[in-house]
1. Can you work out which of the residues in region 162-203 that are part of a helix (DSSP H, G or I) and among the polar types (S, T, N, Q) is surrounded by the fewest Cβ atoms within 10 Å (Cβ to Cβ)?
2. Please tell me if A213 is in a helix (DSSP H, G or I), buried (at least 22 other Cβ atoms within 10 Å of the Cβ) and either in contact with a Leu (Cβ under 7 Å, 6 or more places away or on another chain) or of a type in the set (G, A, S) (or both).
3. Quick one: in region 307-320, of everything that is in a helix (DSSP H, G or I) and open to solvent by 50 Å² or more (accessible area, probe 1.4 Å), which residue is farthest from R60 (Cα to Cα)?
4. Among (1) charged (D, E, K, R); (2) farther than 24 Å from N174 by Cβ; (3) open to solvent by less than 60 Å² (accessible area, probe 1.4 Å), there is one condition E76 misses while meeting the rest; what is its number?
5. Tell me which of these K324 doesn't satisfy, since it passes every other one: (1) closer than 25 Å to T183 by Cβ; (2) under 20 Å from the mean Cα position of the chain (by Cα); (3) at pLDDT below 95.
6. Looking only at region 101-152, filter to residues that are of a type in the set (K, R) and within 22 Å of V189 (Cβ to Cβ); which one of those is most open to solvent (accessible area, probe 1.4 Å)?
7. Can you pull out the residues in region 110-144 that are outside any helix (DSSP H, G or I) and acidic (D, E)?
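The values are calculated or read from the model by the stated rules, or taken from the named source; none is laboratory data. Because the structure is a prediction, the values reported are computed rather than measured. Using ideal geometry, Cβ is built from the backbone for each residue, glycine included, and neighbour counts are taken over all protein chains shown. Surface areas here come from the heavy atoms of the whole protein model, side chains and all, with no ligands, DNA or RNA. Shrake-Rupley method; radii C 1.70, N 1.55, O 1.52, S 1.80 Å.
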Amino acid sequence: MAAAAMAAGGLRPAPCHRLVRVAGARGGQPWLREGRAAVAAGWSRPEPGGEVQYCAELLRKRDYEGFLCSLLLPAESRTSAFALRAFNVELAQIKDSITQKTTGLMRMQFWRKAVEDIYCDNPPHQPVAVALWRAVKRHNLTKMWFTKIIDEREKNLDDRAYSNIQELETYAENTQSALLYLTLEMLGVRDIHADHAASHIGKAQGIVTCLRATPYHSARQKVFLPMDICMLHGVSQEDFIRGKQEKNVRDVIYDIASQAHIHLEHARSFRKKVPVKAYPAFYCTVALDAYLYNIRKVDFNIFHPSLQKRSTLLPLYLYIRSWKKTY
């Protein structure tokens, strides 16, 4: 979904000022470019060894919740998580930054080749790719999950609504859940119960992301909400584009939000079987819980201004969740 719309001592968050300071000026000599896709992206070169700061700054600006969640990972996994989430941001913002699908396909191809080269120990000279290469080497990450993410993001370049809720869940499974599987690998967790929890949390994340992005997309004459649920309540895409708040429109949002809630409950049903070591991968549930709570407070009015505000208490809630060692 759109990037504009926008989870022991090792669990203590590192001081933010150390992680967000970008080494060197943002200008200067251009980073070595790999093909036409890299030229179009317009990356700037960090100072030597500054790839971690580059990724952290990208997250802080484009995926603040992911940035906060990454801070709560054990130190040995934190920089790798920055790289993984920065990779996801790079892919997610392609759709919003293009006017022609061919340009998007070209940029996806750059990242597809980048992943191939990373696993051949020859990453392109691009800061996120270099950081990701280090993460792959350090944690022996599974290549298949990166491929799934790229494939699904590429298919999603088409501007069309999801046919049904299952199609949205499939997209979420192959993007958000795949990110969580990789995060579990970074934590050294390979456990079937943790994987089941990650699958459901990823689906909940994808559904909530779709809901959160709806006002942004509607303002641009686009609606991606599942068509089966809209049809069930007699709601058209035009109703969302016009920002209508009638009961049947809110019923659509209620049904979709309820599906996210169900996935979170399923994920928590595995809690006693999931290794405690895996819990830091699932702290994104804090933001999901907060959004679902807030949307209930406004009676599922997806356009309510309060839903677009960043929670100033989120860092505190995340720290409390990490202190309690639960998800």
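1. Q166
2. Answer is no for this residue.
3. Once the filter is applied, the top-ranked residue is I320.
4. E76 satisfies every listed condition except (3).
5. Only one criterion is unmet by K324, namely (2).
6. R138
7. Listed by number, the list holds a single entry, D121.
Rundown of residues vs (1) touching a Gly at 6+ places or on another chain (Cβ under 7 Å); (2) closer than 29 Å to S80 by Cα; (3) open to solvent by 40 Å² or more (accessible area, probe 1.4 Å), yes/no style:
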site: Y254; (1), (2), (3): no, no, yes
site: P275; (1), (2), (3): no, yes, yes
site: A278; (1), (2), (3): no, yes, no
site: N294; (1), (2), (3): no, no, yes
